[in-house]
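J.: My questions all concern the structure below.
The values are calculated or read from the model by the stated rules, or taken from the named source; none is laboratory data. As the structure is a prediction and not an experimental result, all values here were calculated from the model. Virtual Cβ from ideal backbone geometry, glycine too; neighbours counted across all protein chains shown. Accessible surface areas use protein heavy atoms only, side chains included; no ligands, DNA or RNA. Shrake-Rupley method; radii C 1.70, N 1.55, O 1.52, S 1.80 Å.
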Amino acid sequence: MIAVKAENGCLQVTIATEGMTPGEINDFVSWLRVESVVRRSRLTPEAAWKLSEDIKSDWWQANERRLTPEGAE
């Protein structure tokens, strides 16, 4: 059963957790948090793409030595 209550600018959702593990509950709540942030974001698709490319580039620079065999160019 899912119960929904909206008042004073807040939404309260009650969901039965029977049959869910604590990890599944945490994953679901994390997903809700991400969705909430995404919906309020003013990030354009172009800016999101640039940000993702920057993150990947930074990650590769930090990890390239660890992932590339010695002597490989």
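J.: Within the chain, which trypsin sites (Lys or Arg not before Pro) sit in a loop by DSSP and count at most 14 neighbouring Cβ atoms inside 10 Å?
T.: Listed in order of number, the matching sites are Arg42.
J.: Something else now. What percentage of the solvent-accessible surface of the chain, computed with a 1.4 Å probe over protein heavy atoms, is contributed by carbon and sulfur atoms?
T.: Details: 4080 of 7100 Å².
Looking at the chain in its full context, I get 57 percent from C and S.
J.: Then there is this: What is the chain by shape, rounded, prolate or oblate, if you read a ≥ b ≥ c off the alpha carbon gyration tensor as root eigenvalues and call it rounded for a/c under 1.5, prolate for a/b larger than b/c, and oblate otherwise? Before the final figure, lay out the partial values.
T.: Details: a/c = 5.95, a/b = 1.91, b/c = 3.12.
Oblate, because a/c is 1.5 or more while a/b does not exceed b/c.
J.: Under a point-charge model restricted to the Cβ atoms of Lys and Arg (+1) and Asp and Glu (-1), what is the dipole moment magnitude of the range 32-73 relative to its Cα centre, in debye to the nearest 20? Write out the running numbers ahead of the final one.
T.: Numbers: 8 positive and 8 negative charges, 90 e Å.
Roughly 440 debye, rounded to the nearest 20.
J.: Right, here's the next one. When Lys and Arg each count +1 and Asp and Glu each count -1, what net charge do the other residues less than 15 Å away from Lys56, Cβ to Cβ, add up to?
T.: Working: positive: Lys50; negative: Glu53, Asp54, Asp58, Glu64.
Taking every other residue near Lys56 into account, the sum is -3.
J.: Hey, got the dipole for the chain? About the Cα centre, +1 on K and R Cβ, -1 on D and E Cβ, debye to the nearest 20?
T.: Using Cβ point charges on Lys, Arg, Asp and Glu, the chain gives about 360 debye.
J.: Related question: Taking the dipole about the Cα centre of the chain, with the C-beta of Lys and Arg at +1 and of Asp and Glu at -1, give me whichever of Trp59, Trp31, Asn8 is farthest to the positive side.
T.: Projecting each Cα onto the dipole axis, the largest value belongs to Asn8.
J.: Under a 1.4 Å probe, what is the accessible area of the chain per residue, stated in Å²?
T.: Working: 7100 Å² over 73 residues.
Per-residue value: 97 Å².
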